[in-house]
Amino acid sequence: MKVTGFTFIRNAIRFDYPIVEAITSILPLCDEFIVVVGNSEDSTLDLIKNINSAKIKIVSSTWDDSLREGGRVLAAETNKALDAISDDTNWCFYIQGDEVMHEQYIDSVRAAMLEWENDKQVEGLLFDYLHFYGSYDFVADSTKWYRKEVRIIRKDSAIRSFRDAQGFQKNGRPLRVKKSGGSIYHYGWVKPPSKQQEKQQYFHSLWHSDEWMSKNIPKNPEFDYSKVDSVSHFSGSHPFVMQERIRKINWKFDFDPTVKKLSIKSRFKHSLENLTGWRIGEYKNYRLI
């Protein structure tokens with residue numbers, strides 16, 4: 001069984017992406033790793049080059065700014081990495097620049113890939129998600145945060161990154177998947193407030209026009225984390241590769257998790273999910289088989 005990791009990244013230092021941690025967290029499962037490095041205004045390329053692994057292969061890229069709206073450029077960059085994977089690969093393991101897999105899941109994810117390697121009906125493997133918010137001590141838990149996503153896909157030219165690169169489709173339909181046995185820790189909302197604000201302004205520019213940006217995105221110096229609707233305390237452990245980054249945290253986020261800024265409809269959905277595990281109207285870009 002051959003496993004190839006793949007990702008894309010641009011301006012990792014400027015926007016404080018834990019891309020090194022993301023890559024190294026799944027590197028033990030990969031025989032090779034494709035990193036598409038976009039045209040950056042910082043030393044992102046050197047950052048990737050300095051990862052001490054012969055498995056890593058770097059592909060240089062220039063982003064197509066005409067694909068900015070709807071986040072399509074993110075899918076385009078993902079597909080560049082996907083296309084660089086050799087045909088003798090069985091499984092392709094995708095990780096984004098703010099996602100990290102805990103080392104406790106390495107064995108179970110490897111076992112899932114081995115179990116379904118020869119079953120062509122299985123086109124991907126599904127991961128649970130934890131979305132950290134404000135600091136490494138809180139997890140966002142309202143129904144607006146996606147709970148699962150496909151991060152391992154079969155090497156198949158018909159499977160492509162979809163919309164803004166959150167998931168994948170095959171010939172325009174959701175993938176048929178099995179559970180991976182692993183969880184992805186999403187750290188996209190844990191940054192110094194100034195870095196988070198800069199990232200939000202930049203990321204919105206990948207979805208919206210300049211006119212929309214000027215009307216809807218305030219140019220504040222720092223991101224206001226207090227506007228979150230619902231969080232809970234995180235009582236588990238973080239991945240080993242994140243420990244040094246966590247140790248260097250230089251801001252404080254205080255929030256009372258008993259405070260829920262939810263509408264009546266959201267409160268009902270939240271309570272129902274906590275009681276039954278069922279989320280009303282949950283979007284699923286996959287089909288669990």
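The values are calculated or read from the model by the stated rules, or taken from the named source; none is laboratory data. Model, not experiment: these values are computed from the prediction. No Cβ is skipped: glycine too gets one built from the backbone with ideal geometry, and neighbour counts run over all protein chains shown.
On the stretch given as the stretch 222-247, residues that are out of contact with any Gly (no Cβ under 8 Å at 6 or more places or on another chain), within 23 Å of Ser194 (Cα to Cα) and assigned to a loop (DSSP other than H, G, I, E, B) total 5. Asn274: at pLDDT 70 or above, in a helix (DSSP H, G or I) and at negative phi, yes or no? It is true that Asn274 is at pLDDT 70 or above, in a helix (DSSP H, G or I) and at negative phi. Scanning the stretch 61-91 for residues that are under 20 Å from the mean Cα position of the chain (by Cα), within 17 Å of Phe203 (Cβ to Cβ) and surrounded by fewer than 15 Cβ atoms within 10 Å (Cβ to Cβ) returns Glu69, Gly70. Picking from residues in the stretch 120-135 that are of a type in the set (Ser, Thr, Tyr) and surrounded by 18 or more Cβ atoms within 10 Å (Cβ to Cβ), the one that is farthest from the chain's Cα centre (by Cα) is Ser135. Assess whether Ile58 counts as being in contact with a helix residue (DSSP H, G or I) (Cβ under 9 Å, 6 or more places away or on another chain), at pLDDT 95 or above and surrounded by fewer than 16 Cβ atoms within 10 Å (Cβ to Cβ). Considered against the rule, which asks whether it is in contact with a helix residue (DSSP H, G or I) (Cβ under 9 Å, 6 or more places away or on another chain), at pLDDT 95 or above and surrounded by fewer than 16 Cβ atoms within 10 Å (Cβ to Cβ), Ile58 comes out as yes.
Basic (Lys, Arg), surrounded by fewer than 21 Cβ atoms within 10 Å (Cβ to Cβ) and within 23 Å of Ala12 (Cα to Cα): which single residue out of Lys195, Lys148, Lys155 fits that description?
Values: Lys148 fails: within 23 Å of Ala12 (Cα to Cα); Lys155 fails: within 23 Å of Ala12 (Cα to Cα).
Being basic (Lys, Arg), surrounded by fewer than 21 Cβ atoms within 10 Å (Cβ to Cβ) and within 23 Å of Ala12 (Cα to Cα) holds for just one of Lys195, Lys148, Lys155, which is Lys195.
Could you figure out which of (1) over 24 Å from Tyr129 (Cβ atoms); (2) among the basic types (Lys, Arg); (3) surrounded by 14 or more Cβ atoms within 10 Å (Cβ to Cβ) isn't true of Arg245? Among (1) over 24 Å from Tyr129 (Cβ atoms); (2) among the basic types (Lys, Arg); (3) surrounded by 14 or more Cβ atoms within 10 Å (Cβ to Cβ), the lone unmet condition for Arg245 is (1).
Does Asp46 fit the bill of being touching a helix residue (DSSP H, G or I) at 6+ places or on another chain (Cβ under 9 Å) and either farther than 20 Å from Gln166 by Cβ or free of Cβ contacts under 8 Å to residues at least 12 places away in the same chain (or both)? Taking the combined requirement at face value, the residue does not satisfy it.
Report those strands (runs of 3 or more DSSP E) wholly inside the stretch 155-214 carrying at least 3 residues which are over 27 Å from Asp83 (Cβ atoms). So the answer is 173-189. Looking at Asp256, Asp229, just one residue is modelled with pLDDT of 75 or more, charged (D, E, K, R) and either surrounded by 14 or more Cβ atoms within 10 Å (Cβ to Cβ) or touching a Leu at 6+ places or on another chain (Cβ under 7 Å) (or both), and that residue is Asp229.
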